[in-house]
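Laboratory data are not the source of any read-out in this text; all were calculated from the coordinates shown. Nothing here was measured: the structure is a model prediction, and the numbers come from that model. Here the Cβ is made from the backbone with ideal geometry for all residues, glycine too, and neighbour counts use every protein chain on show.
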């Protein structure tokens, strides 16, 4: 087995052991849970050390439509950098969970599902075969469903889990059909070969990438398939940090990056991506501004930030997208884990129950503040650099340097800058409502979380602070992502901030901060039930456009089945049974009924045959 | 040629055993179930012998062939053999028979009478294995019929609810179906002068005139479609499943349904290729209607067993879609789908049977909530089987369905655009399948437990279910284990169709 496969298998083994030995002690379960991603992290680090990688496809031994299991893997800068992030965040989340889920009776299966998720995400990252990719993609969705529904005693959790699974699954119709088209037209399941073949034919590229984009919209929570993500906050905070902030929701972006030459061959699809990203980016940020729940603010913020990545892809910069993917993973995982710490201490995630926690939770306060500064994009935190790279990419596109039309670049640039202002406002609101002002909610002593929970926060704060510098010309990241890429793209130095974009984003940021400071947030937290807070009616649209029509169909089919078809067929049967009754007169019992039915049928058969043969 | 006794032995052993139970009288009641396990274990060992003797590199041709003249006046031969198309199904039948026997030891359904139950199960096994081994049309028909009586008794005597009505509906449908099929066979035999399935497949059948082919194909397909069951001939299935005892449901879904789709690949496609090319698009349409209809109806059911029964209509729709493409990928997918559905739905019915035994019901209205809490292992298995059944990649259920779609992208027949529409609709069916299974898990598995504790999975249940659990994972990770056997044989079948294509 090759190194990338080992990296996938290690957390999977941890998952299987965790599930099989469900009755073991907590300490044993925790050890296994942390060992899985940690071991994978070591493998990822070893892979990173091997740079430059000789052959991008490490193992193509077992591929082809009828030759699964298709375990071909790709190892390049893109895969290794994302794999490192996944293993790092997964390890910290598992450590954090030991404290956060201390009183959870089902800890063992919880930790095992996170391990299984980690394996699935790593499979997506290293997959060199479309079928391998599909397996990882769908298993991630399953784990997300299982973990959102961790507290399945609660109605909210049950509902949110099913919603998440089904909404993403709707996108996956497109994803699966897109993969079928890709395999069908190119005749191969190897990703680099299929992508190369597809990108030389613009029709195929448009159809396949358009279909796959549907799956991406579902997984990465983009309009109109985004509404499952805020509800997914019914899951435990560490799950939100790993799956619904750092990794799975970013997997959609990753897959586009992996198949990027094919997307570049279709300006139509890229344009659609840009428009969708702009709607999502600004819309989600505005909705985040009025949320009454800490985790829902962060969830809408994630939707908005994911849109930055999709927008970067749309304007032709895979590197900017991956850069923002990585930096967002660090600061958003940090924010969710910090939110979890607050929930752990306060006992609620509602913003009306927080406030004034600064003194009692200093570590969480410091780290969450760092995370929010990075989210807003304050120099020199990671979010500043990665967001800048998206703006620079949009600027290039607006100048007409990319495959999409200049107006697409302008659109992305304008919306991204406006969204920076909104982002600053909702981040400031969240910060003030959580940490400053008077304490609201029930009075109870608040303590800082135990080290097992705050150490992961501190460890995530480090890349949140420093990761951005890798983007500078002297930094390693551009070289990394490009290193031995199967698809050499973009120009070096594209991640470096530009003067125009810095001016724009700083202005927007200051406007946002101004709005944030003027807002009298604590007097109007609301109950989160306004039209805006509930996401502008998208749920109602799902309901009217999909759920209700389907339920009507279900009713029709069910009634039809028990009515019409039954009756018709019984009618056919009645004739036979009636003739059976004649035979049955002298006999009694069920055996006779069977025999008589069979005999009647046989007679009919002989007659038909005689007629058929005679003619 | 020394091991040719293996296939007859696989039939003779359970047949003799059922005769022994018949003559043994009342005293056999006490040891009948153990005897059943013994016989099925012998069958399993014989099956391993077949696997050992089977030459994988010659999967395209019949192996371990037995040929004896039987009723020469009627051209009937006693011909048995195994190739890549039948081997996986024969193995599945032996395995599920064994699982059912183990399950029966401690769980003879009401009203008891273990001797008769085991005897019938063994007789059923003879019919099922014989159907998959027969190389003569008349012999195939006879084995096909042998299956009916034991299944009728299983449902009518050991069933629950409206068992008589369900059993009678079952027998009525399938007898009518097989009569129609027999007429089709007789047309083929009269027109070609042979009942030899191998010769017919290798070009003899193609010599029939277009109209004769079409008539024979429609009749045979009609009969097989009832068994599969293809929409709209499916209405016997939910009733039969709801009424049948657990082992009955397991074998019904696990093996009986496969006789239909097996017959299509084994007989109709290679013997009557011209007709098949004409019929294929219609078959695809029926298949996709079945996928969508099965899923929607599944969602509307108020009984756990009926949900799974309708899910079978959908899953067999994917198998039919694969066959209807007449392509190498599609037919391979269909054969894989057969096996996967047999394993997974077998497991589902075992688990649901376990739930029924503990709660006394499968109706949502009276089923307790919170199985995950009251019996975590049973709940886990329900979740596992449901997730496998909804086509989760990495488990066995996925590959058959996914590759059916790949087959539909490049069907061997010319109607490409039509098949692509079918492809998309079938993909929609995959999402609907997720919806009704999640509904089941939400209703039965999740929620605060309304019953504090329930007996969790017992040792004998683990023993009988573990092979199915393991195979669900193994075939999900290494579907190649099946494909390497089926692929050469499928290529032979597709080759025989190639001449008929415009």
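Spatial offset of region B:7-23 relative to region B:414-477 amounts to 35 Å, using the alpha carbon center of each.
Legend: calculated FRET efficiency, residue B:282 to residue B:211, from the Cβ-Cβ distance at R0 = 22 Å, rounded to 0.05, equals 0.85.
For the segment A:153-161, counting C-beta atoms of other chains within 10 Å of every residue's C-beta and taking the mean gives 3. Once you have a ≥ b ≥ c as the square roots of the Cα gyration tensor eigenvalues for chain B, tell me rounded if a/c is under 1.5, and otherwise prolate or oblate according to whether a/b is larger than b/c. In terms of gyration-tensor shape, oblate. Exposure proxy shown here: for A:295, A:102, A:332, the number of other Cβ atoms within 10 Å sets the order, fewest to most, as A:102, A:295, A:332. Using every pair of distinct Cα positions in region A:183-246, the Kirkwood expression returns a hydrodynamic radius of 13.9 angstrom. Computed over the Cα atoms, what is the radius of gyration of region A:333-482 divided by 2.2 N^0.38 Å, N being its residue count? Here the Cα radius of gyration is 1.26 times the empirical estimate. Evaluated at q = 0.13, 0.14, 0.17 Å⁻¹, the base-10 log of the normalised Debye intensity for region B:386-494, with identical point scatterers placed on the Cα atoms, takes the values -0.71, -0.79, -1.02.
Would you please state the base-10 log of I(q)/I(0) at q = 0.14, 0.16, 0.19, 0.25 1/Å for region A:408-462, with intensities from the Debye formula using one equal scatterer on every alpha carbon? The calculated log intensity ratios at q = 0.14, 0.16, 0.19, 0.25 Å⁻¹ are -0.69, -0.79, -0.90, -1.01. Highest mean packing first, where packing is the average number of other Cβ atoms within 10 Å per residue, the peptides A:213-221, A:447-455, A:187-195, B:217-225 line up as A:213-221, B:217-225, A:187-195, A:447-455. Inverting the pair-averaged 1/r between distinct Cα atoms of the protein assembly as shown gives 30.8 Å as its Kirkwood hydrodynamic radius. Cβ crowding within 10 Å ranks A:396, A:155 as A:155, A:396, fewest other Cβ atoms first. What the Cβ-Cβ distance of residue B:421 and residue B:19 gives, at R0 = 41 Å and to the nearest 0.05, is a FRET efficiency of 0.15.
In chain B, helices alone account for a calculated mean residue ellipticity at 222 nm of -23500 deg cm²/dmol, with every DSSP H run of four or more residues adding -39,500 (n - 2.57).
Indicate the gyration tensor shape class of region B:1-104 (rounded, prolate or oblate), computed on the Cα atoms with a ≥ b ≥ c the square roots of the eigenvalues: a/c under 1.5 is rounded; otherwise a/b larger than b/c is prolate and the rest oblate. In terms of gyration-tensor shape, oblate. When only Cα pairs below 8 angstrom with a gap of at least 6 residues are kept, chain B shows a relative contact order of 16 percent.
Put the Cα centre of region A:326-340 next to the Cα centre of region B:287-335 and the gap is 43 Å.
With a 10 Å cut-off around each Cβ of B:376-384, the average count of Cβ atoms from other chains is 1.
Put the Cα centre of region B:126-179 next to the Cα centre of region A:495-517 and the gap is 76 Å.
Residue ranges B:377-383, B:318-324, B:269-275 sort as B:318-324, B:269-275, B:377-383 when ordered by packing (mean number of other C-beta atoms within 10 Å per residue, highest first).
For region A:266-530, just say rounded, prolate or oblate: build the C-alpha gyration tensor, square-root its eigenvalues into a ≥ b ≥ c, call rounded for a/c under 1.5, and beyond that prolate if a/b exceeds b/c, oblate if not. It is prolate, given that a/c is not under 1.5 and a/b is the larger ratio.
Averaged over peptide B:225-236, the number of partner chain Cβ atoms lying within 10 Å of each residue's Cβ comes to 2.
When each of the peptides B:87-94, B:23-30 is scored by the mean number of other C-beta atoms lying within 10 Å of its residues, the order from highest to lowest reads B:87-94, B:23-30. Relative to the compact-globule estimate of 2.2 N^0.38 Å, the Cα radius of gyration of region B:389-432 comes out at 1.20.
By the count of other C-beta atoms within 10 Å, a proxy for reagent exposure, B:418, A:223, B:349, A:88 are ordered fewest to most as B:418, A:223, A:88, B:349.
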